[in-house]
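**Student:** Okay, handing you the structure first.
The values are calculated or read from the model by the stated rules, or taken from the named source; none is laboratory data. Keep in mind the model is a prediction, meaning the values are calculated, not measured. Glycine also receives a Cβ, built like all others from the backbone with ideal geometry; neighbour counts cover every protein chain displayed. These area figures cover heavy atoms from the full protein model, side chains too; ligands, DNA and RNA do not enter into them. Shrake-Rupley method; radii C 1.70, N 1.55, O 1.52, S 1.80 Å.
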2 protein chains.
Amino acid sequence: MSSSKLGLVPTLRRVIADGASGDDVKVSGWVRSVRVQKRMAFAEISDGSTLRGIQVVMEDPQMARGLTTGCSVEIAGTLSDSPGREQSKEIQVSSIKIVGPADAESYPLQKKRHTLEFLREIGHLRPRSQTISAVTRLRHCAEKGLHKFFHDNEFVRVHTPALTSNDCEGGGETFSVTTSGTENPETDFFNKRVNLTVSGQLHLEVFAGAFKRVYNFNPAFRAEPSQTGRHLSEFWMVEAECAFVDSLSTLVSVEEEMVRSTTQFLVDNAGPELDFFARDSDRLGPLMRRLADQQPYVCITYTEAIDILQRADPLAKFQFKPRWGQGLQSEHERYLATTHFEGPVFVTDYPVAIKPFYMLPNPDGRTVACMDLLVPGPCELLGGSLREHDYSQLKGAIESKGFEMESLDWYLSLRKHGTTPHAGFGMGFERFLQMVTGLESVRDIIPFPRHAGRCQY
Amino acid sequence: MSSSKLGLVPTLRRVIADGASGDDVKVSGWVRSVRVQKRMAFAEISDGSTLRGIQVVMEDPQMARGLTTGCSVEIAGTLSDSPGREQSKEIQVSSIKIVGPADAESYPLQKKRHTLEFLREIGHLRPRSQTISAVTRLRHCAEKGLHKFFHDNEFVRVHTPALTSNDCEGGGETFSVTTSGTENPETDFFNKRVNLTVSGQLHLEVFAGAFKRVYNFNPAFRAEPSQTGRHLSEFWMVEAECAFVDSLSTLVSVEEEMVRSTTQFLVDNAGPELDFFARDSDRLGPLMRRLADQQPYVCITYTEAIDILQRADPLAKFQFKPRWGQGLQSEHERYLATTHFEGPVFVTDYPVAIKPFYMLPNPDGRTVACMDLLVPGPCELLGGSLREHDYSQLKGAIESKGFEMESLDWYLSLRKHGTTPHAGFGMGFERFLQMVTGLESVRDIIPFPRHAGRCQY
């Protein structure tokens with residue numbers, strides 16, 4: 001059943017795509033700009049379904065009376081081919097009705113280009129700006145592409161919980177959830193301390209032990225105090241787990257194909273939006289081609305990465321000296337992805353000491369079977385590993401990392417009941433979009449950004 | 001690219017669907033049951049991709065040594081047509097490897113049918129039970145069907161936030177989010193009181209003012225103390241908003257088509273799971289046919305509903321006497337959907353006094369342009385309304401309901417900048433699944449149920 005059968009006015013996108021010159025059409029949307037000439041008037045109308053909206057032509061300038069940027073309108077008219085370069089169709093207006101006026105003085109989104117910082121201050125209106133509108137369509141499309149990848153490959157979607165009494169990473173930067181304050185968790189709503197999830201991995205592993213391939217697409221939460229363009233307190237994450245997988249190369253191929261096919265899906269379905277962002281950056285076009293290319297992404301070990309970093313051009317001037325055994329800093333990741341490889345690069349087999357308890361150690365005893373995917377832009381795009389699936393080994397790892405055994409007993413016991421080698425990963429959804437848009441801040445990528453000191457709307 | 005190209009073993013579902021008798025196959029999964037005879041042995045293997053799993057046949061009973069319910073196995077063998085009634089294919093085993101044993105004594109999921117209450121106590125293993133496995137596939141499939149409906153009708157997905165400083169319904173049953181306790185919100189992480197969302201509606205309205213048709217599919221949270229089978233503290237909700245909609249009948253047709261097409265999607269893609277649940281209930285089959293049928297659902301006004309209830313068979317013996325001006329109790333909703341109409345029924349135009357501030361009053365001044373959809377099972381499945389889109393009227397409504405104007409100023413101001421008549425609704429995802437499975441408790445429908453006093457795993 002089409003939207004019009006539901007009684008809904010078709011979107012401009014559909015009108016432009018399906019309509020023919022001469023068709024009578026009815027459209028609705030918001031005025032982006034108005035231009036009144038002596039004998040005619042023009043307005044650009046947008047309804048969020050296309051990058052550019054549509055130009056409507058009024059043969060009598062009187063018809064434009066009261067039209068201002070931001071007002072909502074319903075228009076009847078005739079579709080015609082446009083003589084303009086930037087659009088294929090326009091509408092010759094027969095009637096135009098102002099549904100909701102927008103006061104020209106107080107409407108904050110004028111035709112001129114606003115800074116992204118300014119747009120953040122009007123978060124309830126910025127979806128009408130061209131940039132945030134394009135980001136929103138890319139988000140929609142990228143999510144569609146991700147689901148398609150997982151469905152095509154027979155992953156089952158699992159709705160892992162936001163409320164949890166576990167803290168997967170053990171990072172400690174969690175939000176508490178309470179109805180009465182945090183003093184007495186045992187008398188609070190859940191009779192225990194409960195926090196917002198930082199990752200659904202442990203819960204996904206439960207379902208991987210019954211469905212073999214599972215994924216989620218959920219909000220995750222970090223009470224991260226740092227005020228950078230890469231961090232949000234609430235963000236969306238896609239995570240996946242696969243049972244019966246015992247090699248890192250299989251995991252890498254799943255991750256790589258997810259990124260590749262989702263990129264290709266955007267190229268196929270959101271070309272104008274990608275071009276819009278590529279306009280401001282020389283490197284975005286080639287990066288997108290590289291990501292969608294069938295050629296495998298570069299894959300190096302952590303040890304090789306340290307070696308490359310230590311031999312980096314002295315001009316790189318790292319603030320932190322790269323040393324085996326230490327985590328890679330953002331500046332190191334940026335050097336690898338942006339400067340050295342100029343594209344996506346998997347870094348595998350990090351030292352055991354800097355990684356979480358659940359990762360499977362390699363036979364060398366010094367490293368774990370894990371990887372990060374580094375990319376130009378957000379740097380770390382995704383991280384994953386083989387999981388320790390042996391009961392005694394996992395018990396030892398939990399103990400040696402100093403976790404409370406009690407809160408993880410259910411997780412540990414999965415290894416007693418038909419355990420399998422398994423592997424999984426998580427990707428920050430906003431970081432993926434940061435990569436494809438080239439935007440500096442994830443605050444412009446999520447509809448309502450939350451970070452330290454800020455939770456508006 | 002198929003899963004096998006990714007290096008993943010194909011699912012049983014695919015093996016059964018795509019394989020031919022005589023094919024060499026490799027499969028993996030968990031043993032559901034083992035039967036050893038004198039000259040042969042049989043096992044049922046499941047990997048969560050099908051309702052029944054597959055029977056594997058071992059010509060030498062020695063091959064079954066060590067096989068127990070719950071252990072994980074990798075099997076190589078030959079596909080053959082099954083002589084059994086309940087399955088189309090089986091596997092003649094050439095080799096079987098136990099990947100992860102399951103101790104026969106301590107493995108809690110034995111072949112016998114367990115109660116749902118018992119399964120809740122082993123939440124980390126219950127996804128392997130036939131019931132929870134079927135629910136999980138139905139969840140996956142229903143979500144797919146919902147996205148398909150919204151994509152087909154050009155709705156844009158918006159990721160509304162979980163963390164918010166607003167409380168849409170004003171119900172007050174919200175969870176606080178904090179890093180330092182709730183005493184001093186102004187020195188806490190966000191410098192203000194922040195809670196978990198009860199609804200993304202207000203945020204969706206922001207995006208409806210730019211994209212015309214938007215939806216979300218998010219977790220929502222209620223610190224609801226009641227311990228019934230209909231309430232969860234964390235649940236998934238799908239909500240939608242449409243701009244330029246000024247009639248309740250248009251909204252009803254969108255809602256109805258969403259329920260109808262998602263039901264039809266389940267019928268087309270999850271038939272065995274639906275049959276599994278319909279086995280225990282006479283009314284499920286007819287209900288699903290009614291939901292998927294093209295015939296419009298019954299639609300009555302609240303006033304008509306009260307009239308029906310007041311004239312109900314005295315045997316109905318309501319605890320609460322139905323009276324105009326009072327909300328409908330669960331027992332009233334159940335009577336209407338289950339006893340009187342025996343199917344879905346829209347109830348529209350409730351009294352203004354019992355509905356939230358954002359709903360559009362009808363010309364009669366006594367009622368608002370809203371509806372609930374009542375169905376057998378969960379009773380209230382979804383609720384929606386036209387929204388007040390006039391600045392002064394909305395301001396008056398906010399004041400008269402006693403809300404702080406300051407926290408809603410952004411929402412109110414949307415009515416100043418190109419407002420449009422608009423409408424929207426929200427549906428509890430677990431309630432939809434409760435309806436199609438006939439399960440009594442939503443605790444068996446969400447992977448990890450959270451409710452008062454309970455937040456395990």
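**Student:** When residues of the range A:115-169 are filtered for being more than 11 Å from chain B (Cβ to nearest Cβ) and basic (Lys, Arg), how many remain?
**Tutor:** Going through the range A:115-169 one residue at a time, the tally reaches 1.
**Student:** Residues that are hydroxyl-bearing (Ser, Thr, Tyr) and either out of contact with any helix residue (DSSP H, G or I) (no Cβ under 7 Å at 6 or more places or on another chain) or at pLDDT 95 or above (or both): find the strands (runs of 3 or more DSSP E) completely inside the range B:6-74 holding 2 or more of those.
**Tutor:** B:24-36
**Student:** Moving on. State yes or no: is B:His203 of a type outside the set (Ser, Thr, Tyr) and in a helix (DSSP H, G or I)?
**Tutor:** On the way: of a type outside the set (Ser, Thr, Tyr): yes; in a helix (DSSP H, G or I): yes.
Considered against the rule, which asks whether it is of a type outside the set (Ser, Thr, Tyr) and in a helix (DSSP H, G or I), B:His203 comes out as yes.
**Student:** Moving on to the next point. With respect to B:Phe175, is the statement that it is surrounded by 23 or more Cβ atoms within 10 Å (Cβ to Cβ) and within 15 Å of A:Tyr457 (Cβ to Cβ) true?
**Tutor:** Values: surrounded by 23 or more Cβ atoms within 10 Å (Cβ to Cβ): yes; within 15 Å of A:Tyr457 (Cβ to Cβ): no.
Criteria not met by B:Phe175.
**Student:** Just one of (1) polar (S, T, N, Q); (2) surrounded by fewer than 21 Cβ atoms within 10 Å (Cβ to Cβ); (3) closer than 25 Å to B:Glu241 by Cβ trips up B:Asn184, so point out which.
**Tutor:** Failing condition for B:Asn184: (3).
**Student:** Then there is this: Look through the range B:88-114, keep the residues that are touching a residue at least 40 places away in the same chain (Cβ under 8 Å) and either farther than 25 Å from B:Gln62 by Cβ or in a loop (DSSP other than H, G, I, E, B) (or both), and return whichever of them is farthest from the other protein chains (Cβ to nearest Cβ).
**Tutor:** By that ranking, first place goes to B:Ser88.
**Student:** Report yes if some residue within the range B:335-349 is open to solvent by 10 Å² or more (accessible area, probe 1.4 Å), touching a helix residue (DSSP H, G or I) at 6+ places or on another chain (Cβ under 7 Å) and on the phi > 0 side of the Ramachandran plot; otherwise report no.
**Tutor:** Looking through the range B:335-349, at least one residue is open to solvent by 10 Å² or more (accessible area, probe 1.4 Å), touching a helix residue (DSSP H, G or I) at 6+ places or on another chain (Cβ under 7 Å) and on the phi > 0 side of the Ramachandran plot.
**Student:** Suppose we keep only residues that are touching an Asp or Glu at 6+ places or on another chain (Cβ under 8 Å) and in contact (Cβ under 8 Å) with a residue 24 or more places away in the chain within the range B:295-327. Which one would you say is most open to solvent (accessible area, probe 1.4 Å)?
**Tutor:** Filtering the range B:295-327 for residues that are touching an Asp or Glu at 6+ places or on another chain (Cβ under 8 Å) and in contact (Cβ under 8 Å) with a residue 24 or more places away in the chain, the one most open to solvent (accessible area, probe 1.4 Å) comes out as B:Pro296.
**Student:** Sticking with this structure for a sec: Which of the numbered conditions does A:Glu224 fail, given that it passes all the others? Conditions: (1) at the interface with another protein chain (Cβ under 10 Å from one of its Cβ atoms); (2) buried (at least 17 other Cβ atoms within 10 Å of the Cβ); (3) at pLDDT 95 or above.
**Tutor:** Of (1) at the interface with another protein chain (Cβ under 10 Å from one of its Cβ atoms); (2) buried (at least 17 other Cβ atoms within 10 Å of the Cβ); (3) at pLDDT 95 or above, only one is false for A:Glu224: (3).
**Student:** Going by the conditions given, is A:Ile91 over 34 Å from the mean Cα position of the chain (by Cα), modelled with pLDDT of 95 or more, open to solvent by 20 Å² or more (accessible area, probe 1.4 Å) and outside the structural domain of A:Asp444 (by TED's automatic domain parsing)? Please lay out each step first, then the result.
**Tutor:** Working: over 34 Å from the mean Cα position of the chain (by Cα): yes; modelled with pLDDT of 95 or more: yes; open to solvent by 20 Å² or more (accessible area, probe 1.4 Å): no; outside the structural domain of A:Asp444 (by TED's automatic domain parsing): yes.
It is false that A:Ile91 is over 34 Å from the mean Cα position of the chain (by Cα), modelled with pLDDT of 95 or more, open to solvent by 20 Å² or more (accessible area, probe 1.4 Å) and outside the structural domain of A:Asp444 (by TED's automatic domain parsing).
**Student:** Sticking with this structure for a sec: Within the group A:Gly229, A:Gly285, which residue is in a helix (DSSP H, G or I), more than 10 Å from every other protein chain (Cβ to nearest Cβ) and in contact with a helix residue (DSSP H, G or I) (Cβ under 8 Å, 6 or more places away or on another chain)?
**Tutor:** Working: A:Gly229 fails: in a helix (DSSP H, G or I).
Of A:Gly229, A:Gly285, the one residue that is in a helix (DSSP H, G or I), more than 10 Å from every other protein chain (Cβ to nearest Cβ) and in contact with a helix residue (DSSP H, G or I) (Cβ under 8 Å, 6 or more places away or on another chain) is A:Gly285.
**Student:** Follow-up. If only one of A:Thr160, A:Thr136 is open to solvent by less than 20 Å² (accessible area, probe 1.4 Å) and not in a loop (DSSP other than H, G, I, E, B), which one is it? Before the answer, list the steps.
**Tutor:** Working: A:Thr160 fails: not in a loop (DSSP other than H, G, I, E, B).
So the residue among A:Thr160, A:Thr136 that is open to solvent by less than 20 Å² (accessible area, probe 1.4 Å) and not in a loop (DSSP other than H, G, I, E, B) is A:Thr136.
**Student:** A further question on this structure: In the range B:239-282, what residues are assigned to a helix (DSSP H, G or I) and open to solvent by 60 Å² or more (accessible area, probe 1.4 Å)? Give the steps one after another, and end with the answer.
**Tutor:** Kept after step one, since they are assigned to a helix (DSSP H, G or I), are these residues of the range B:239-282: B:248-269, B:271-278.
Answer for the range B:239-282, where residues must be assigned to a helix (DSSP H, G or I) and open to solvent by 60 Å² or more (accessible area, probe 1.4 Å): B:Ser249, B:Gln264, B:Val267, B:Asp268, B:Asn269, B:Pro272, B:Asp275.
**Student:** Of the conditions (1) under 27 Å from A:Phe432 (Cα atoms); (2) assigned to a helix (DSSP H, G or I), A:Leu328 fails just one. Which one is it?
**Tutor:** Every condition holds for A:Leu328 apart from (2).
**Student:** Further, regarding this structure: State all residues of the range B:350-384 that are out of contact with any Gly (no Cβ under 7 Å at 6 or more places or on another chain), open to solvent by less than 10 Å² (accessible area, probe 1.4 Å) and of a type in the set (Gly, Ala, Ser); if no residue qualifies, say none.
**Tutor:** B:Ala369
**Student:** Enumerate the helices (runs of 4 or more DSSP H) found wholly within the range B:351-447, keeping only those where 1 or more residues are under 30 Å from A:Val214 (Cα atoms).
**Tutor:** On the way: elements: B:391-400, B:409-413, B:429-437.
Those helices (runs of 4 or more DSSP H) span B:429-437.
**Student:** Answer yes or no: is there a residue in the range A:44-65 that is touching a Pro at 6+ places or on another chain (Cβ under 9 Å) and basic (Lys, Arg).
**Tutor:** The answer is yes, given that some residue of the range A:44-65 is touching a Pro at 6+ places or on another chain (Cβ under 9 Å) and basic (Lys, Arg).
**Student:** Every residue in the range B:35-70 that is of a type in the set (A, V, I, L, M, F, W, C) and within 31 Å of the chain's Cα centre (by Cα), please.
**Tutor:** Keep residues of the range B:35-70 that are of a type in the set (A, V, I, L, M, F, W, C), which gives B:36, B:40-43, B:45, B:51, B:54, B:56-58, B:63-64, B:67.
Hits for the range B:35-70 are B:Ile45, B:Leu51, B:Ile54.
**Student:** Still on this structure, I have one more. Please pick out the residue among A:Phe190, A:Phe207 that is of a type outside the set (A, V, I, L, M), in contact with a strand residue (DSSP E or B) (Cβ under 8 Å, 6 or more places away or on another chain), within 10 Å of another protein chain (Cβ to nearest Cβ) and free of Cβ contacts under 8 Å to residues at least 40 places away in the same chain.
**Tutor:** Numbers: A:Phe207 fails: free of Cβ contacts under 8 Å to residues at least 40 places away in the same chain.
A:Phe190 is the lone residue from the list that is of a type outside the set (A, V, I, L, M), in contact with a strand residue (DSSP E or B) (Cβ under 8 Å, 6 or more places away or on another chain), within 10 Å of another protein chain (Cβ to nearest Cβ) and free of Cβ contacts under 8 Å to residues at least 40 places away in the same chain.
**Student:** For the range A:27-36, check the following and say yes or no: at least one residue is in contact with a Gly (Cβ under 8 Å, 6 or more places away or on another chain) and away from every other protein chain (no Cβ under 14 Å).
**Tutor:** Looking for residues that are in contact with a Gly (Cβ under 8 Å, 6 or more places away or on another chain) and away from every other protein chain (no Cβ under 14 Å), one finds none in the range A:27-36, hence no.
**Student:** Restricting attention to the range B:233-240, does a residue exist that is under 26 Å from B:Ile398 (Cα atoms), within 18 Å of the chain's Cα centre (by Cα) and of a type outside the set (A, V, I, L, M)? Let's see the steps before the verdict.
**Tutor:** Going residue by residue through the range B:233-240, those that are under 26 Å from B:Ile398 (Cα atoms) are B:237-240.
In the following step, the residues that additionally are within 18 Å of the chain's Cα centre (by Cα) were identified as B:237-240.
Subsequent filtering for residues that are of a type outside the set (A, V, I, L, M) retains B:239.
Scanning the range B:233-240 turns up at least one residue that is under 26 Å from B:Ile398 (Cα atoms), within 18 Å of the chain's Cα centre (by Cα) and of a type outside the set (A, V, I, L, M).
**Student:** For B:Thr78, only one of the following conditions fails: (1) assigned by TED's automatic domain parsing to the domain that holds B:Ser21; (2) modelled with pLDDT of 95 or more; (3) open to solvent by less than 30 Å² (accessible area, probe 1.4 Å). What is its number?
**Tutor:** B:Thr78 satisfies every listed condition except (3).
**Student:** Does the range A:175-183 include one or more residues that are of a type outside the set (Lys, Arg), within 8 Å of chain B (Cβ to nearest Cβ), under 23 Å from A:His389 (Cβ atoms) and out of contact with any Gly (no Cβ under 9 Å at 6 or more places or on another chain)?
**Tutor:** no
**Student:** Run down A:Arg450, A:Arg431 and say which single residue is open to solvent by less than 20 Å² (accessible area, probe 1.4 Å), of a type in the set (Lys, Arg) and under 31 Å from the mean Cα position of the chain (by Cα).
**Tutor:** Details: A:Arg431 fails: open to solvent by less than 20 Å² (accessible area, probe 1.4 Å).
Unique residue meeting the criteria: A:Arg450.
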